[in-house]
Structure formats: structure tokens, C-alpha cells
Amino acid sequence: MLGEAVTLAIAFLVNLPLGRWRVKTRKYSAAWFMAVHLSIPLIFGLRQYFHLAPYVIPFTIGSAILGQFVGSHRIAIFYVSK
């Protein structure tokens with residue numbers, strides 16, 4: 001249970017700055033591709049480290065996508081607007 005929570009939280013938090021970076025790049029460029037996929041090895045490593053079952057995969061993908069989405073928008077909780 002703790003492994004799942006840690007993996008989901010890290011997947012979300014790591015994708016916040018990556019989502020912010022993704023917005024600033026040209027769509028489908030190499031930088032955009034890196035911003036979208038850079039967190040995958042870390043998430044895979046966490047899944048292996050905690051010996052998580054395959055049913056966790058959709059939740060980690062959802063958490064990463066949510067992190068990308070939240071990071072791509074200026075939300076006052078995370079970023080101060082200038």
C-alpha cells in the first residue's frame with residue numbers, strides 16, 4: 001500500500017515541471033518528446049523497487065498525465081503568476 005502511494009505521488013510530482021516544460025516547446029519536437037517521456041524510467045524503476053502488481057500501471061499513467069496537465073497550467077497553488 002505504501003509503495004503504491006509513493007509511486008503515484010512521485011509520478012505526479014515529477015511530471016509537474018515536465019508539464020511546464022512541455023508547454024514551452026514546439027509540439028512533437030525532440031524536447032516535447034523528452035518532456036512527455038522523461039519520467040517513464042523513474043516510474044518503471046519505482047514499480048520494480050516496490051514489486052508492484054500490474055494493476056497499478058493505469059493508475060501511475062493517470063497520475064503522470066494529471067501531473068503533466070496540472071504542470072502545464074498556471075495554478076496559483078503551485079506557481080505564482082507574474
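Within the range 23-36, at least one residue is more than 13 Å from Thr7 (Cα to Cα), among the aliphatic types (A, V, I, L, M) and exposed (fewer than 11 other Cβ atoms within 10 Å of the Cβ).
Has the range 22-39 got any residue that is assigned to a helix (DSSP H, G or I) and under 14 Å from Ser63 (Cβ atoms)?
There is no residue in the range 22-39 that is assigned to a helix (DSSP H, G or I) and under 14 Å from Ser63 (Cβ atoms).
Every number here is computed from the coordinates shown, using simple stated rules; none is lab data. Being a predicted model, the structure only gives us computed values, none of them experimental. Positions of Cβ are backbone-derived with ideal geometry, glycine not excepted, and every protein chain shown enters the neighbour counts.
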